1. Please list, in chain and number order, the residues 5+ apart from His115 or on another chain whose amide H is under 5 Å from its amide H, with Hs placed from the backbone.
2. From the backbone phi of region 148-158, what are the Karplus-calculated ³J(HN,Hα) couplings (6.51 cos²θ - 1.76 cosθ + 1.60, θ = phi - 60°) in whole Hz, Gly and Pro given as x?
3. Sticking to Cα atoms, compute the Rg of region 102-159 to one decimal and its Dmax as the biggest Cα-Cα distance, whole number, in Å.
4. With the cut-off at 1.5 for a/c, could you classify region 36-196 from its C-alpha gyration tensor as rounded, prolate or oblate?
5. Report the relative contact order of region 36-196, percent, no decimals, based on alpha-carbon pairs under 8 angstrom and at least 6 residues apart.
6. Give me the one-decimal nm value for the distance between modelled label points at Phe69 and Asp130, 7 Å along each residue's Cα-to-Cβ direction.
7. On average, how much area does the Cα convex hull of region 32-90 cover when viewed from any direction, in nm²?
8. Filter the trypsin sites (Lys or Arg not before Pro) in region 40-111 to those in DSSP coil with at most 16 other Cβ atoms within 10 Å of their Cβ, and list the result.
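Quick note: the coordinates plus some simple rules give every number you see, no bench work behind them. Note that the coordinates shown come from a computational prediction; the quantities given were computed from them, not determined experimentally. Cβ: placed from backbone, ideal geometry, glycine included. Neighbour counts: every protein chain shown.
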Amino acid sequence: CIRTTIGYNISILDLYGIIQVFKLILKAFYPHMASLEITIYPNSILAKKAEAVGDVTPGIKELMPQMVFAMQENDGIGLAAPQVNVSKRIIVIQDGEEVKTYINPRIIHKSREKHLDEEGCLSLPGIFFDVRRPSSIEVEVQTPEGKLVKIKAEGLTARILQHEIDHLEGKLIINRIPFWRRWKLREQLQELKNYAIR
């Protein structure tokens, strides 16, 4: 919980709810600022394998910049389409100072060397823990222009790509930790479930 200066105890999810209310107010008065809502655990779409994108339709073209805006509005460094309730294999990532959009990303090589680092997730607000992942990867992606390319990534960019591709496979960071560690998070996960049924 976060304790405010006026003496009230506010949980992370209550604070998240307050932020969402302010966003709704902003959207009512400033429609041009409207963005996609982040899908929160345990929404079932987060546990499903996303569908491959065929033709890049006008709807897909419209979705991609909306995903970028949603990622930036929520201070994220990566976002997958299922996180905005769209079961398509599309991700956006912050790669240094650039934002990249990838369609149908597929990991084709992972390094043997792995690195442990802290991760969070917009779909699991307030939850952070260390996740071990390959230090470098090679990924085959389709660009928004329709080109099929291979990219090599290491460090933070490799981690972001793996995290977002996990979303396309229906996996969250909580699926990558031992049961005993997930047990320690049970109260926070239950709070998310309770929030979802309000």
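1. The list, which skips near neighbours in sequence, is Arg133, Ser135.
2. Result, ordered by residue: 9, 9, 10, 10, 10, 9, 9, x, 4, 4, 4 Hz.
3. Spelled out, the Cα radius of gyration and Dmax of region 102-159 are 13.4, 37 Å.
4. oblate
5. Relative contact order of region 36-196: 26 percent.
6. Taking the simple label geometry, Phe69 and Asp130 are separated by 4.0 nm.
7. 4.2
8. Filter output for region 40-111: Lys48, Lys49.
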